[in-house]
Amino acid sequence: MSRIAISVAVCILTVFAAPVSAAMIITDSGSFLSSVQPGAFFNDFSTGGDPSGARIPDPLSYSGSGFAYTVSAAGGLFADNDVIGNWLQSSAVVFTFTGATVTAIGGNFFMTTTEGVFITSAPVSIQLSDGTIETFTASSTSAYRGFISTGPAITSMTLQPVAGSYNVDNLTVGTAVAIPEPTTIGLIATAGAIALVARRRRLSRS
């Protein structure tokens, strides 16, 4: 086998052996939604809560378009028919996906006091089952984060405990449009370039 052929083989093997990356993070709803296939489940949490703002025993379950998930938090949930979050500030909020395979999640995430007053003193900390961790300070109640998995399905999303009350709204759960990983694109391009060089060498010899 020629050195050119060996190089091509190494590139191909490297593509398939490349490590699975964490999810791609998107910070605006337009870009996120354009990366999601039609038929996603959108939830503005207008149902399943309590307009009086009372504590709700967990878990709460939601489903639509074949997708389904439960939301839980130690000490119960806060869901006032507008947002969903933790009743106790020290509690993590866990979304567990039980329906169709999820590779795209996006929504508004922000923090408030226990009285519902928006705050920037506490960060939002999101961890996905694939190891993705995103921590940021929401500048407004419309702060957006979307996650597109280029590897394994997302089976859970955990909002880590911080000194504030979590609020999640306008959550979209669905399937991402297939996007090759940058590493994979680069390796395929390299393999193609090597193959082109080999072809030119064969032609020059003939």
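The values are calculated or read from the model by the stated rules, or taken from the named source; none is laboratory data. Keep in mind that what you see is a predicted model, and the values were worked out from it rather than measured. Note: ideal-geometry Cβ built from the backbone for every residue, glycine included; neighbour counts use all protein chains shown.
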>> Give all pairs with beta carbons closer than 7 Å in which a residue from the range 76-101 that is over 24 Å from Gly174 (Cα atoms) and not assigned by TED's automatic domain parsing to the domain that holds Ser156 meets a residue that is crowded, with 18+ Cβ neighbours inside 10 Å and of a type in the set (Gly, Ala, Ser); count only pairs at least 6 apart in sequence or on separate chains.
In response: none
>> Looking at Gly39, Gly75, Gly48, Gly53, can you tell me which residue is modelled with pLDDT of 95 or more, at positive phi, surrounded by fewer than 18 Cβ atoms within 10 Å (Cβ to Cβ) and in a loop (DSSP other than H, G, I, E, B)?
In response: Gly39
>> If I filter the range 124-137 down to residues being in a strand (DSSP E or B) and among the β-branched types (Val, Ile, Thr), which single residue comes out as surrounded by the most Cβ atoms within 10 Å (Cβ to Cβ)?
In response: Ile126
> Among Ser121, Ser142, Ser125, Ser129, which is the only one that is over 18 Å from Pro161 (Cα atoms), assigned by TED's automatic domain parsing to the domain that holds Val162 and out of contact with any Pro (no Cβ under 7 Å at 6 or more places or on another chain)?
Replying inline: Ser142
> Any residue at all in the range 106-128 that is over 22 Å from Gly30 (Cα atoms), in contact with a Phe, Trp or Tyr (Cβ under 8 Å, 6 or more places away or on another chain) and β-branched (Val, Ile, Thr)?
Replying inline: yes
>> Quick check on the range 156-197: of everything there that is modelled with pLDDT of 90 or more and outside any strand (DSSP E or B), which residue is farthest from the chain's Cα centre (by Cα)?
In response: Pro161
>> Given the criterion more than 19 Å from the chain's Cα centre (by Cα), within 20 Å of Asn43 (Cα to Cα) and either modelled with pLDDT of 90 or more or part of a strand (DSSP E or B) (or both), identify the matching residue among Ser140, Ser121.
In response: Ser140
> For the range 102-111, does any single residue satisfy the condition of being surrounded by fewer than 18 Cβ atoms within 10 Å (Cβ to Cβ) and in contact (Cβ under 8 Å) with a residue 24 or more places away in the chain?
Replying inline: no
